[in-house]
Amino acid sequence: MTTHNQRERQGAKPWLKHYDTHVPPSLSYADISINQLLEEAVRKYPTQTFLRWRGSAMRYDEASACIERLSRNLTRLGLQKGQRVALLLPNIPQFVLAYYAVLKAGGVVAALNPHYRAAELGLLLQDCQPVMAIGLESQLDTLIELCRAAPMQKVLTTRMQDWEGGARAGVGDSPQGEQLTIALESLLFGELEGDALPLPQVGAEDAAIFQYSGGTTGRPKAAIGLQRNLIANVTQFRTWCNLQERQEVILAAIPLYHVYGMVLAMNMGAALGAEVVLIDDARDVGGILRQIEQRRVSFYPGVPSMYYAINQHPEVRAGRWRLDSIKACISGSAPLHPQIKEEFERLTGGKLVEGYGLSEAPTATHCNPLYGANKSGSIGLPLPDVDCRVVDLETGEREMAAGEAGELTLRGPQVMQGYHNAEQENRQALRGGWLHTGDVVRMDEEGYFAIVDRKKDLIKVGGLQVWPNEVEAAIKRLAGVADCAVAGVPDLAQGEKVVAWVVRKDARLEAQTLRAGCRDELAAYKLPSQVIFIEQLPRTGVGKVLRRELVRGYLTEVDKS
């Protein structure tokens, strides 16, 4: 066992005084791989249900046997230690089995959004250079086309319907097409001809994942997460949330291809010997409610829109669903409105707390305490062994006083090794042992942190600073507004101007009325100079608004005119 040693003086870490009583200031982290966490659960709880999806269920020992076969078949197909495998699947059992099999075979998982278009996938595949891709059969034509641009040797495909009701495809059920395609099920439940190579030794210092940023601030970069980074975050959160082995049922509605779902639903579920309930369509609120009630879900990591949808469901408000099994929920990726938190806790009796994380520290570094004070608008306290500083935006070296805004820098056992193939970005992001997050925050006297905005999203109007989050918050408080996003666009006279994209609840709402409603809260230079009404905001798979897409669309329209 190894212990992560950092500053522990109360003066340097004021947040330690506000930890829940069951959370120590520092933890011990097992010097093992993620697969060893799963294998320990298999040893202890072989007949416990591990995965549940629609009408199918799989025990820990069954999953382990599939993972073993698939990992050996992957070596037969030529996968070598350190090579990347692109994983393009929704939240279905095949994702989980393929993920652990790739890691067991010594590969590195590059989990990608299965809804990406060919052009988006092409950029990522060229960057990570996978030797194999695993996706849905419906994606086969796209994946074969992309093979011509990336050095993929094999494309493994699966069908969602093969697992519904517990049925699985036969060994010989292989898609038609080029020789490079193989049915994933044939590798999960059968053996390839020929000898498998011995599985390599995989340890805590080996790379486990390439996690791509959403690309909202420029060229997408792959954060390299080591096995020990994932182990550390699992250890931190199972302690923070006071979760118990074999007693938990975890709802995995957040995408597993994102580190949030990957670590806090799948990896932590495996570490606990928990039942992991997979949801492949997070928009199906009725289906989520059914699973919470029937499976007695106890832990549910999600985003604010998920909890809001449950709060607003008419049958929930009428008390027709039994949701009292929920013990803890973590909300991330977007600010959690206090009203959503209060209403959800009233309806379920469980705890809903806001946290903060990023792909570069997979997956979280801060969280509000379950039982202690939750401050409105705060992302909470740094997790055990996470050290934080708030530094000036100009040099990134001068530490700011409590209450002053600056860039969040941090260090801890979950911080990435670095970006893949991006030396310049690594020099910028990892300086002096600190990860520079690009997020602008304030820390109060008690060590609670609050997000101001993204450093790169700062708008400068005539040299004056405007933070989009501040303007968005003022707009969202107005009657008739359902949602909004704010960003800066180039302006000849002022350098930049503030533009607001607004989703209306009331179709009668006009731009002039909206601007007038903000005047009591915002200085004149912060008011949107232009309001654009739209039907829906573009978001990532975990709910973050894609401001960059809005700006790109705006500039395209300007060019056309």
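The values are calculated or read from the model by the stated rules, or taken from the named source; none is laboratory data. Quantities reported herein were computed from a predicted structural model and do not represent experimental measurements. Cβ: placed from backbone, ideal geometry, glycine included. Neighbour counts: every protein chain shown. Heavy atoms of the whole protein, side chains included, go into the accessibility calculation; ligands, DNA and RNA do not. Shrake-Rupley method; radii C 1.70, N 1.55, O 1.52, S 1.80 Å.
Laid out as a table, the results:
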{"item": "Relative contact order computed over the chain (Cα-Cα under 8 Å; 6+ residues apart), in percent", "result": "12"}
{"item": "Proximal lysines relative to Lys497, as straight alpha-carbon distance under 30 Å, when same-chain residues fewer than 8 apart are discounted", "result": "Lys221, Lys455, Lys456, Lys460, Lys476, Lys505, Lys526, Lys544, Lys560"}
{"item": "Relative contact order [Cα under 8 Å, 6+ residues apart], segment 210-339, whole percent", "result": "21"}
{"item": "Reach of Lys104 by Cα under 16 Å, taken over lysines that are not fewer than 8 positions away in the same chain", "result": "Lys81"}
{"item": "Pairwise centroid distance, computed over Cα atoms, of segment 110-150 with segment 487-523, Å", "result": "39"}
{"item": "Globularity ratio of the chain, using Cα Rg and 2.2 N^0.38 Å", "result": "0.97"}
{"item": "Lysines with Cα under 17 Å of Lys327, excluding same-chain neighbours fewer than 8 positions away", "result": "Lys341, Lys351"}
{"item": "Beta bridge orientation in the chain: antiparallel %, DSSP, nearest 5", "result": "60"}
{"item": "Segment 391-508: projected area of the alpha-carbon convex hull, averaged over directions, in nm²", "result": "10.7"}
{"item": "Fraction of accessible area attributable to carbon and sulfur, the chain (%, probe 1.4 Å)", "result": "46"}
{"item": "Mean Cβ neighbour count within 10 Å, used as a protection proxy, ranking 370-383, 417-430, 254-267 highest first", "result": "254-267, 370-383, 417-430"}
{"item": "Accessible area of Val102 in the full protein assembly, 1.4 Å probe (Å², nearest 10)", "result": "0"}
{"item": "Part-to-part distance (alpha-carbon centres) for segment 449-480 and segment 275-333, which is given in Å", "result": "31"}
{"item": "Rounded accessible area per residue of the chain, 1.4 Å, Å²", "result": "42"}
{"item": "Share, in percent, of DSSP beta bridges within segment 1-150 that are antiparallel, nearest 5", "result": "45"}
{"item": "Stokes-Einstein translational diffusion, segment 490-557 - Kirkwood Rh over all Cα pairs, 1.002 mPa s, 20 °C, in µm²/s", "result": "159"}
{"item": "Taking segment 471-521 and dividing mean pair separation by its residue count, relative contact order in percent (alpha carbons under 8 Å, at least six apart)", "result": "37"}
{"item": "Kirkwood Rh and Cα Rg combined as Rg over Rh, evaluated for segment 40-89", "result": "1.07"}
{"item": "Cα-based Rg of segment 79-171 normalised by 2.2 N^0.38 Å, two decimals", "result": "1.04"}
{"item": "Cβ-placed point charges (K, R +1; D, E -1), dipole of segment 441-561 about Cα centre in debye, nearest 20", "result": "280"}
